[in-house]
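Novice: Below you'll find the structure I mean.
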Amino acid sequence: MEQTKCLIIGSGPAGYTAAIYASRANLSPIVYEGIEPGGQLTTTTEIENFPGYPEGISGTEMMAQLKQQAQRFGADVRFGIVTDVEFDSRPFVVTIDGEKKIEAEALIVATGASAKYLGLESEMKFRGQGVSACATCDGFFYRKQDVAVVGGGDTACEEATYLASICKQVYLIVRKPFLRASKAMQERVFNTPNIKVMFEYNTVEVLGDEDGVTGARLRHASGEETTIDIMGFFLAIGHHPNTELFKGKLELDEEGYIKTIPGTSKTNIEGVFAAGDVKDPHYRQAITAAGSGCIAALDCERYLLSK
């Protein structure tokens, strides 16, 4: 059975940054990229808010560069999906693609979180071309234009108010006849003149052409349909942490995010560390994920040195 000091599950800014630091610490990490090599950022067309890229960079290119940097220092980056982990034994036993088994002295979990989508074919068609699940990441591209936000909770209201500060008109599409957001957040929405709340509407289709999103077709609870002209369509109906593999094994919060000891990447199991969106329900930014990947690698290094 193959053995390694450090095995990193998942890629993206957290996984690749952890690999860079672990490699430079001579831990010879093995990285399994998972079902979406490079993570969510590979679906983002342009990144303008990551330090060090004054002209911006595509998400795919940034992840390719991070991967190359990790490999330059000796990280063994592999395509494959971790299908089982055994924490009862030491070293830990990790199963890849249901077949191959590897023994690892330490694990860094960086499996990320997936944004929830409506499930429309047209939504997927324009993903990255006007359809986005992160207003903070992509809102800047739609400044002084009309956009829509789907959702009725705190996140949706927060993203709508943020977009209202840079966009001409924001439609907040809410399927229920009320907002689920906190009272303070609701007041902020209702007091923002360029936010139009559309209660009891569901999106039937995202409209667009070869250049991207041009509008959305909505259906009211009464059955009446209407079309809005927009350039950006933002989903704010939640994220799903990719932690199914760890249920009953690692301590998770009520939403399924991995719990860590405050100020560290340490989980409830010694030798297992978490980094990136899989442990972060609040910020979900590339830069914070990268920072937590660094923390996880440093924590991992110190753990292995103590053994």
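Read-outs: derived from the displayed coordinates by stated rules, not from any lab. Keep in mind that this is a model prediction, so the values were computed, not measured. So basically every Cβ, Gly included, is an ideal-geometry build from the backbone, and we count neighbours across all protein chains shown.
Novice: Between 0 and 90 degrees, rounded to the nearest ten: what's the tilt of helix 286-305 against the longest Cα principal axis of the chain?
Specialist: 20 degrees
Novice: In what order do Lys116, Lys176 fall by count of nearby beta-carbon atoms within 10 Å, going from fewest to most?
Specialist: Details: Lys116 15, Lys176 11.
With the fewest neighbours first, Lys116, Lys176 line up as Lys176, Lys116.
Novice: For the stretch 162-210, state which chymotrypsin sites (Phe, Trp or Tyr not before Pro) are in a DSSP loop and have at most 14 other beta carbons lying within 10 Å of their beta carbon. Working shown, then result.
Specialist: Working: sites: Tyr162, Tyr171, Phe178, Phe190, Phe199, Tyr201; in loops: Phe178.
In loop regions of the stretch 162-210 (DSSP not H, G, I, E or B), the sparsely surrounded chymotrypsin sites (Phe, Trp or Tyr not before Pro) are Phe178.
Novice: Which pairs, out of Lys144/Lys176; Lys144/Lys279; Lys67/Lys247; Lys100/Lys249, put more than 25 Å between their alpha-carbon atoms?
Specialist: Working: Lys144/Lys176 28 Å; Lys144/Lys279 34 Å; Lys67/Lys247 28 Å; Lys100/Lys249 20 Å.
The answer is Lys144/Lys176; Lys144/Lys279; Lys67/Lys247.
Novice: In whole Å, how far is the Cα centre of the stretch 236-252 from that of the stretch 130-181?
Specialist: 25 Å
Novice: Moving on. Of Pro51, Phe140, Pro241, which is farthest along the charge dipole of the chain in the positive direction, counting Lys and Arg as +1 and Asp and Glu as -1 at C-beta?
Specialist: Working it through, the farthest residue towards the positive pole turns out to be Pro51.
Novice: Give me a comma-separated list of calculated 3J(HN,Hα) values for the stretch 120-128, in order, Karplus coefficients 6.51, -1.76, 1.60 applied at θ = phi - 60°, integers in Hz, x for any Gly or Pro.
Specialist: In residue order, the calculated couplings are 7, 4, 5, 5, 5, 4, 9, 5, x Hz.
Novice: If the elastic network links every pair of Cα atoms under 10 Å, which of Ala156, Ala115, Ala296 fluctuates the most in the Gaussian network model of the chain?
Specialist: It is Ala115.
Novice: Is there a pair in Lys125/Lys168; Lys168/Lys196; Lys5/Lys266 whose C-alpha atoms are over 20 Å apart, and which pairs would that be? Spell out each step's value before the answer.
Specialist: Values: Lys125/Lys168 25 Å; Lys168/Lys196 11 Å; Lys5/Lys266 17 Å.
In this structure, Lys125/Lys168 exceed 20 Å between Cα atoms.
Novice: Express in nm, to one decimal, how much length is gained between Met1 and Met124 on full extension, taking 0.36 nm for each residue of separation and deducting their alpha carbon distance. Each step should come with its number before you reach the end.
Specialist: Values: separation 123, 0.36 × 123 = 44.28 nm, distance 4.07 nm.
Extra length available between Met1 and Met124 comes to 40.2 nm.
Novice: What do you get for GluC sites (Glu not before Pro) in the stretch 177-225 restricted to DSSP loop and a cutoff of at most 16 other Cβ within 10 Å of the site's Cβ?
Specialist: Working: sites: Glu187, Glu200, Glu205, Glu210, Glu224, Glu225; in loops: Glu200, Glu210, Glu224.
Hits after loop and neighbour filter: Glu200, Glu210, Glu224.
Novice: Between Leu250, Leu218, Leu120, where does the largest GNM mean-square fluctuation fall for the chain, given springs only between Cα atoms within less than 10 Å?
Specialist: Most flexible of the set in this elastic network: Leu120.
Novice: How large is ³J(HN,Hα), in whole Hz, for each residue of the stretch 2-12 in order, when computed from phi with the Karplus curve 6.51 cos²θ - 1.76 cosθ + 1.60 and θ = phi - 60°, using x for Gly and Pro?
Specialist: Taking θ as phi minus 60°, the curve returns 5, 10, 8, 6, 9, 10, 10, 9, x, 10, x Hz for the stretch 2-12.
Novice: Let me ask something else. With springs only between Cα atoms under 10 Å apart, run a GNM on the chain and tell me which of Ser222, Ser122, Ser114 wobbles the most.
Specialist: Ser222
Novice: Quick check: convex hull of the Cα atoms in the chain, volume per residue, rounded to a whole Å³?
Specialist: Dividing the Cα hull volume of the chain by its residue count gives 143 Å³.
Novice: Go ahead and estimate [θ] at 222 nm for the chain from helices alone: -39,500 (n - 2.57) per DSSP H run with n ≥ 4, summed, over the residue count, rounded to 500.
Specialist: Numbers: 7 runs with 75 residues, N = 307.
Using -39500 (n - 2.57) per qualifying helix, the result is -7500 deg cm²/dmol.
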